[in-house]
Amino acid sequence: MIDFKEIKNNILKKENFYFLIIILFIFSLDRYSKIRIINDFSDTSFYLNDFLNFDLTWNTGIGFGLLSTSSNVIYNLVTLIISSVIIFLVYFILKSERFDKFCFSLIISGALGNLYDRFFFNAVPDFIDIHYKNVHWFTFNVADIFITLGIAIFLMKDMIVKKHEKT
């Protein structure tokens with residue numbers, strides 16, 4: 001049986017509270033960036049330099065446009081999976097060590113930002129377009145940056161720890 005009082009007490013622990021602040025800050029940064037793009041650049045691209053544009057696209061898939069579909073069933077299934085992953089990550093953040101909590105905080109904040117968009121817009125606004133001449137990377141958003149950063153730091157930490165364990 002789930003003890004919600006224990007979960008509440010864990011979240012309100014001083015150490016976990018700091019990570020909640022990180023999540024709220026990054027979520028807010030993501031919301032702000034998306035609101036600005038939707039309001040200011042919804043009809044046009046904004047050229048920044050030879051490598052970076054802001055160009056609003058709506059993504060119905062997961063990160064970087066993967067699994068984009070017009071099927072409501074697949075869209076809702078992906079949304080359910082993302083929601084489940086967030087719940088598992090919240091559990092892990094409560095049970096993990098400080099460094100892992102930081103990585104999970106980055107991932108959760110980005111995932112919540114994109115999940116919010118999936119619920120309220122039925123798609124995620126992606127707008128950061130990195131390119132070189134006519135070769136473009138996937139269009140992404142601030143939430144995707146923090147998801148990727150959290151995963152990358154977590155994986156690098158594990159590789160470094162395993163490397164030190166072997167020596």
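The values are calculated or read from the model by the stated rules, or taken from the named source; none is laboratory data. If you're wondering where the values come from, they're calculated on a predicted model, not measured in any experiment. As a convention, Cβ positions derive from the backbone with ideal geometry for all residues, glycine included, and neighbour counts pool all protein chains shown.
For the range 10-53, which residues satisfy the criterion of being small (G, A, S), surrounded by fewer than 17 Cβ atoms within 10 Å (Cβ to Cβ) and at pLDDT 90 or above? Break it down into steps so the answer makes sense when it comes.
The initial filter retains those residues of the range 10-53 that are small (G, A, S), namely 28, 33, 42, 45.
After this cut, where a residue has to be surrounded by fewer than 17 Cβ atoms within 10 Å (Cβ to Cβ) as well, the list is 28, 42, 45.
If the condition is that a residue be small (G, A, S), surrounded by fewer than 17 Cβ atoms within 10 Å (Cβ to Cβ) and at pLDDT 90 or above, then S28 is the only one that fits.
Being at pLDDT 90 or above and either part of a loop (DSSP other than H, G, I, E, B) or out of contact with any Ser or Thr (no Cβ under 7 Å at 6 or more places or on another chain) (or both) is the requirement here; does L56 meet it? In short, no.
Within the range 59-89, the only residue that satisfies the criterion of being farther than 12 Å from V124 by Cβ, part of a helix (DSSP H, G or I), at pLDDT below 85 and not β-branched (V, I, T) is N72. Each residue in the range 115-146 was checked for being touching a residue at least 60 places away in the same chain (Cβ under 8 Å) and farther than 25 Å from N49 by Cβ, and 5 of them qualify.
Among residues of the range 71-82 that are among the hydroxyl-bearing types (S, T, Y), those with a Cβ under 6 angstrom from a residue that is surrounded by 11 or more Cβ atoms within 10 Å (Cβ to Cβ), sequence gap 6+ or separate chain, pair up as Y75/T60; T79/R118.
This table checks each residue for (1) more than 17 Å from I21 (Cα to Cα); (2) loosely packed, with under 14 Cβ neighbours inside 10 Å; (3) out of contact with any Phe, Trp or Tyr (no Cβ under 6 Å at 6 or more places or on another chain).
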| site | (1), (2), (3) |
| --- | --- |
| S68 | yes, no, yes |
| V90 | no, no, yes |
| L94 | no, no, yes |
| G113 | no, no, no |
| N134 | yes, yes, yes |
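Has the range 73-90 got at least one residue that is farther than 23 Å from A152 by Cα, of a type outside the set (A, V, I, L, M, F, W, C) and in contact with a helix residue (DSSP H, G or I) (Cβ under 9 Å, 6 or more places away or on another chain)?
Taking the range 73-90 as the starting set, the residues that turn out to be farther than 23 Å from A152 by Cα are 73-77, 80.
Among the residues that remain, those that are also of a type outside the set (A, V, I, L, M, F, W, C) are: 75-76.
From the residues that got through so far, the ones that are in contact with a helix residue (DSSP H, G or I) (Cβ under 9 Å, 6 or more places away or on another chain) too are 75.
Checking the range 73-90: at least one residue is farther than 23 Å from A152 by Cα, of a type outside the set (A, V, I, L, M, F, W, C) and in contact with a helix residue (DSSP H, G or I) (Cβ under 9 Å, 6 or more places away or on another chain).
Entry remark, the range 108-135: residues being in a strand (DSSP E or B) and over 17 Å from S68 (Cα atoms) number 6 in total.
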